[in-house]
1. If you go through the range 123-137, how many residues are surrounded by fewer than 20 Cβ atoms within 10 Å (Cβ to Cβ) and either on the phi > 0 side of the Ramachandran plot or assigned to a helix (DSSP H, G or I) (or both)?
2. Pull out all pairs, ordered by first then second residue, where Cβ-Cβ is under 7 Å, the residues are six or more apart or on different chains, the first lies in the range 113-134 and is within 23 Å of G206 (Cβ to Cβ), and the second is modelled with pLDDT under 95 and not in a helix (DSSP H, G or I).
3. For the range 196-216, give me the residue count where each residue is in contact (Cβ under 8 Å) with a residue 40 or more places away in the chain, more than 11 Å from T107 (Cβ to Cβ) and either in contact with a Leu (Cβ under 8 Å, 6 or more places away or on another chain) or not aliphatic (A, V, I, L, M) (or both).
4. Look at R38 and say whether it is modelled with pLDDT of 95 or more and not hydrophobic (A, V, I, L, M, F, W, C).
5. Pick out the one residue from G210, G176, G192 that is over 22 Å from the mean Cα position of the chain (by Cα) and part of a helix (DSSP H, G or I).
6. Considering each residue of the range 102-122, count those that are surrounded by 14 or more Cβ atoms within 10 Å (Cβ to Cβ) and either within 11 Å of the chain's Cα centre (by Cα) or part of a loop (DSSP other than H, G, I, E, B) (or both), and give that number.
7. Sort out which residues of the range 24-49 are surrounded by fewer than 20 Cβ atoms within 10 Å (Cβ to Cβ), under 16 Å from the mean Cα position of the chain (by Cα) and outside any loop (DSSP other than H, G, I, E, B), and write them in order of number.
8. Mind listing whichever residues of the range 162-181 are over 18 Å from D48 (Cβ atoms) and among the hydrophobic types (A, V, I, L, M, F, W, C)?
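The values are calculated or read from the model by the stated rules, or taken from the named source; none is laboratory data. Small disclaimer: the values here were computed from a predicted structure and weren't measured. Using ideal geometry, Cβ is built from the backbone for each residue, glycine included, and neighbour counts are taken over all protein chains shown.
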Amino acid sequence: MEAILLIAVLIFSVVVHEVAHAWQARREGDDTAERLGRLTLNPASHLDPIGSVLVPLALHFSGSGFMFGWAKPVPVNPSRYRNYVAGDIRVSLAGIVSNLILAAISTLATVAFLKIEALVGTNVVTDLLLQAAQYGIFLNLILAVFNLIPIPPLDGSHVLFHALPRPLALQYRQAGRYGILVLMGLMFLFPGLFRVLLAPVTYLMGAADGFIRLWM
């Protein structure tokens with residue numbers, strides 16, 4: 001049951017992440033994702049069998065303590081943005097912002113469910129809701145911080161791309177075709193590296209826990 005709940009929260013979080021990209025792209029002048037049916041919260045339109053199910057399950061049962069996953073990338077056409085550079089950065093960061101918002105909502109939900117549990121007592125429903133909210137904090141903070149890593153095709157790579165000299169930037173973007181393989185290799189060969197890169201998650205989790213304790 002724990003694995004199912006964990007994967008369900010992760011799937012919802014990555015779907016919202018992709019929808020945020022599609023929504024911001026439309027605001028920037030590109031309706032490609034909307035026309036292809038990606039501006040929807042229907043998981044069937046976004047799920048990647050490997051990144052949304054197999055990888056999270058493998059990570060969970062491996063006992064690595066690290067959880068991650070992804071959905072199918074949202075198709076966008078940056079040439080249609082009203083401002084190419086600013087639009088590309090905003091569309092890239094929209095997914096990260098959506099995960100931070102979900103983490104904040106999950107923090108507030110945790111407070112609410114703890115209050116309800118204090119009033120009605122512990123039961124299966126309140127336990128599941130509380131656990132889902134706590135997963136929501138943890139997973140969305142991981143998604144937000146992880147996507148800031150400037151390795152193509154992660155969202156942070158778009159920001160670095162525009163900061164690099166043009167010739168170097170083009171080579172950097174071309175390397176994105178190998179980005180997933182590089183990420184997977186680093187995750188399994190050097191798990192300690194990602195603990196360092198994801199250190200902000202520990203700090204933000206502590207901040208969320210401190211906020212929750214203020215209301216208990």
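1. Going residue by residue through the range 123-137, those that are surrounded by fewer than 20 Cβ atoms within 10 Å (Cβ to Cβ) are 123-132.
After this cut, where a residue has to be either on the phi > 0 side of the Ramachandran plot or assigned to a helix (DSSP H, G or I) (or both) as well, the list is 124-132.
The qualifying residues number 9.
2. Within 7 Å, the pairs are L114/M216.
3. 3
4. So R38 does not fit the description; no.
5. Details: G176 fails: over 22 Å from the mean Cα position of the chain (by Cα); G192 fails: over 22 Å from the mean Cα position of the chain (by Cα).
Only one candidate qualifies: G210.
6. So the answer is 2.
7. Matches in the range 24-49: P43, L47.
8. A163, L164, L168, A169, L170, A175
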